[in-house]
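Take a look at the structure below.
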Amino acid sequence: MGEMPGGLIRPHSSQLSILHRVVDVFIIFLSLHLCIWAFHVLPAMRYDVAGLWAALFFLFFAETKGLYTSWRLDTVRRELSQLLQVWIFVACSLIVLAFLTKTSEIYSRLVVVSWLLVAPVFIGLFRAVIRAILYSLRKQGRNTRTVAFAGAGKQAIQLVHQMEKAPWLGLKMKGIYDDQDPDATFWGEMRLQGGLDSLVEEVRNGAIDYVYITLPASAEKRTLQLVNDLADTTATVYVIPDLFIFDLLHARWTTFGGIPVVSVYDSPFHEIDGWLKRAEDVVLGSIILMIIALPMLLIALGIKLTSPGPVLFRQRRYGLDGEIIEVLKFRSMTVCEDGNNIRQARKCDPRITRLGAFLRCTSLDELPQFFNVLGGSMSIVGPRPHAVAHNEQYRRLIHGYMLRHKVKPGITGWAQVNGWRGETDTLEKMKKRVEFDLAYMRNWSLWLDIKIIFMTIYKGFWGKNVY
């Protein structure tokens with residue numbers, strides 16, 4: 001059997017794009033009729049009319065959100081997030097249409113609600129299957145695209161390494177091009193393929209599909225000239241900002257008065273992600289509170305019987321956007337310190353009560369913070385909040401420390417399940433905790449939160465250096 005060409009799918013991309021739309025419409029109608037069948041409702045023309053409207057709304061919103069563009073270089077999570085947003089728009093449009101036409105009462109609510117829940121799942125599964133098939137083909141060297149880099153900087157090298165780690169993207173390295181002396185610059189075993197003029201010539205000849213411009217910020221004129229030279233080609237061109245972009249918290253492009261701008265330090269919880277995060281907190285927080293209600297009552301009784309003072313201890317912490325919040329904890333010490341100078345708990349700390357030592361080692365003193373979660377000042381998963389005095393101390397010592405407060409603080413977090421909890425008696429320990437907190441914020445997903453929750457349960461609540 002002869003070798004299958006790398007660009008097997010490319011000549012048929014327009015037909016496949018049309019087929020993709022047809023399949024989505026088919027899935028919308030199929031899921032509707034499955035729900036009709038499941039609830040033993042008699043099929044009627046009105047349901048097909050609803051399906052038709054849903055399909056039209058879906059195709060319209062899908063086009064506006066770019067669902068039918070190439071997702072080769074994007075994540076599954078982002079694609080499914082965009083799909084969910086589109087379907088929410090479809091559902092809202094159908095509800096408004098039914099209200100305006102006064103036809104909502106002629107439809108079975110069970111059928112409609114189940115359809116609105118099932119259809120996006122089926123469409124998402126279809127897209128996931130397509131991705132899996134394409135990944136498999138690309139690993140076999142099919143459905144590939146050639147990639148070149150303009151600029152022999154660190155960004156290009158980092159991207160090359162990322163390409164090597166992800167063969168399923170189907171990207172074939174053509175080379176790095178720069179106007180530097182090719183005999184003076186080596187990147188591992190890779191030589192420069194030529195100058196920027198050579199790159200433009202190869203792109204014009206159709207030998208290169210994607211061009212990543214990784215020139216330094218100081219080479220603005222060269223970048224503009226290269227962009228202009230590539231304007232009369234069919235290659236997809238990406239301009240990679242200078243190296244500092246790789247250190248950003250959650251960079252995203254937006255517009256201000258029609259002018260594109262990039263947010264340098266931003267929260268990962270925008271639009272649907274923010275709603276998902278809050279829904280996670282409310283649903284899981286309510287379930288957990290019902291489970292731990294009796295143990296919390298017994299702990300409160302034990303505190304009251306074993307030492308004088310209040311059951312709960314309120315301490316000021318920095319919350320979202322640096323707002324001061326009051327975090328609830330079971331009192332574990334003979335004191336309730338919340339001033340400008342707070343000494344961290346240490347081994348054999350005389351301030352800790354006998355019951356308090358057990359509560360702190362097992363993290364049971366943190367259980368009242370689920371009330372903070374339901375109240376909206378905290379999340380189940382997020383960077384652990386520090387006392388205001390400690391924040392003021394470390395913000396001057398650790399670069400990017402206050403970026404932790406671009407999200408709500410959490411009861412557990414990525415740093416904690418990786419062992420960075422308890423006493424931070426050295427600056428390096430706090431730096432590692434901040435490093436893991438920022439990594440969590442850069443890579444947040446609902447699945448990461450669930451993973452952290454299960455890791456917290458699996459690893460237990462005990463921890464070394466926790467006093």
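Structure values in brief
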| read-out | value |
| --- | --- |
| Selection count where residues are surrounded by 11 or more Cβ atoms within 10 Å (Cβ to Cβ) and more than 17 Å from GLY410 (Cα to Cα), scope segment 294-318 | 15 |
| Matching residues in segment 367-381 - criterion: being without any contact (Cβ under 8 Å) to a residue 60 or more places away in the chain, in a helix (DSSP H, G or I) and surrounded by 19 or more Cβ atoms within 10 Å (Cβ to Cβ) | GLN369, ASN372 |
| Tally of residues being in contact (Cβ under 8 Å) with a residue 12 or more places away in the chain and farther than 19 Å from PHE58 by Cα across segment 90-110 | 5 |
| Condition met for TYR394 (within 30 Å of ARG78 (Cα to Cα), buried (at least 16 other Cβ atoms within 10 Å of the Cβ) and in contact with a Phe, Trp or Tyr (Cβ under 6 Å, 6 or more places away or on another chain)) | no |
| Single unsatisfied condition, LEU403 versus (1) part of a helix (DSSP H, G or I); (2) at pLDDT 90 or above | (2) |
| Some residue of segment 204-224 being in a strand (DSSP E or B) and either at pLDDT below 80 or surrounded by fewer than 17 Cβ atoms within 10 Å (Cβ to Cβ) (or both) | no |
| Any hit, segment 363-382, residues being touching a Gly at 6+ places or on another chain (Cβ under 9 Å) and at pLDDT below 85 | yes |
| Some residue of segment 96-109 being exposed (fewer than 14 other Cβ atoms within 10 Å of the Cβ) and either on the phi > 0 side of the Ramachandran plot or not assigned by TED's automatic domain parsing to the domain that holds PHE26 (or both) | yes |
| Number of the condition not met by VAL76 [criteria: (1) free of Cβ contacts under 8 Å to residues at least 24 places away in the same chain; (2) surrounded by fewer than 18 Cβ atoms within 10 Å (Cβ to Cβ); (3) under 30 Å from THR144 (Cα atoms)] | (1) |
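Yes/no matrix, rows are residues, columns are (1) part of a helix (DSSP H, G or I); (2) in the same structural domain as MET333 (by TED's automatic domain parsing); (3) at pLDDT 85 or above; (4) over 28 Å from ILE352 (Cα atoms):
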site	(1), (2), (3), (4)
LYS429	yes, yes, yes, no
LYS432	yes, yes, yes, no
GLU435	yes, yes, yes, yes
TRP444	no, yes, yes, yes
ASP449	yes, yes, yes, yes
MET455	yes, yes, yes, no
VAL466	no, no, no, no
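The values are calculated or read from the model by the stated rules, or taken from the named source; none is laboratory data. Values in this document were obtained by computation on a predicted structure and should not be read as measured data. Cβ coordinates were reconstructed from backbone atoms using ideal geometry, including for glycine residues, and neighbour counts include every protein chain displayed.
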